[in-house]
Amino acid sequence: MVLTILLFSCSSGNKTTTMRIIKTYPFNDLAEWEDASFNTNGKINYTIENGNLKIFSNANTWERPKVKTIVKFTSGTYNWRVYVPEMGIGDMTSISAFLHDDDQHELDFEIGYGSQTIRNQLMAQSDDLIVYMTSQANPFQSIPKTIQRGQWYNLSLEITLNSNGKYHVNWKIDDITLGTLQLTYGVATSFNIYCSVENLQFIGDHIPNSNNYALFDSVEFKEN
């Protein structure tokens, strides 16, 4: 179910209220989503369980199960509520919450165990995972930070427009800004919202030895 709230523009004296769109995607079903999986051989690696979207990838595969919204969006605040469990040590698996138009226009949160090299650089503890906050291009930027496993998080991408109509992005976790970037593109680019758990080579040291998963409680978009 999608809940949409419209605050329509109106004038009262010298005051004007502008339209604001809020779309909330609670995971009662996937009616407003479509499959976007790679390398799953036609399998559906996600289910709705107790009001959460559970996405999983299997050990010893390069499965990339994911779903995306049918509707596309532009500037505003995007929020995913995600449960990050313990993940397999060294597994190349990413829990991802991201926006995508094409490979040159993509903004990501990607959470995984991380390579030992990156873990050493960040002085990660045994109960830490690594979160990458990334713009894939225009320009490229990727910021790694530690994040604790076994917790729920609010992952937010806050996208505003500068005076030239270009996007400016803040990456936030639980309302704390951990990354920021001025992009070279703007409202001509719109995004599908994605949720995924993907076996990807950059985020660990070996093909996954474990089945890994994440829970997505809800996704929300708020127009600025």
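The values are calculated or read from the model by the stated rules, or taken from the named source; none is laboratory data. On a predicted model such as this, the values are computed, not experimentally measured, just so you know. Every residue, glycine among them, receives a Cβ derived from its backbone with ideal geometry; neighbour counts consider all protein chains shown. Just the protein is used for accessible areas: all its heavy atoms, side chains included, with ligands, DNA and RNA removed. Shrake-Rupley method; radii C 1.70, N 1.55, O 1.52, S 1.80 Å.
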What lysines could a cross-link reach from residue 166, if we take a straight Cα to Cα line under 22 Å and drop same-chain neighbours fewer than 8 places away?
72, 222
Options 122, 94, 137, ranked by Cα towards positive dipole end of the chain, top entry (Cβ charges)
137
Considering only protein heavy atoms, what per residue accessible area in square angstrom results for the chain with a 1.4 angstrom probe?
47 Å²
Heavy atoms only, probe 1.4 Å: what % of the accessible area of the range 51-194 goes to carbon and sulfur, would you let me know?
46 percent
Which of 114, 51, 42 fluctuates most in a GNM of the chain (C-alpha springs under 10 Å)? That residue is 42
With the 8 Å Cα cutoff and a minimum separation of six or more residues, the range 141-224 has a relative contact order in percent of 18 percent
Under a 1.4 Å probe, counting only protein heavy atoms, residue 156 has an accessible area in Å², nearest 10, of 10 Å²
With all distinct Cα pairs included, what does the Kirkwood hydrodynamic radius of the range 152-224 come out to in Å, to one decimal, could you say?
15.0 Å
What order, most packed first, do the peptides 68-74, 78-84 have when packing is the mean number of other Cβ atoms within 10 Å of each residue?
78-84, 68-74
Ranked by GNM mean-square fluctuation in the chain (Cα springs under 10 Å), the top entry among 133, 87, 123 is 123
Please give the charge dipole size of the range 80-224, origin at the Cα centre, charges +1 on K and R Cβ atoms and -1 on D and E Cβ atoms. Round to the nearest 20 debye.
280 debye
In a shell of Cβ-Cβ distance under 9 Å around residue 178, excluding residue 178 itself, what net charge do Lys and Arg (+1) and Asp and Glu (-1) give?
+2
Suppose accessible area is computed on protein heavy atoms with a 1.4 Å probe; arrange 180, 40 from highest to lowest.
180, 40
Which shape class applies to the range 8-135: rounded if a/c is under 1.5, otherwise prolate when a/b exceeds b/c and oblate if not, where a ≥ b ≥ c are the square roots of the Cα gyration tensor eigenvalues?
prolate
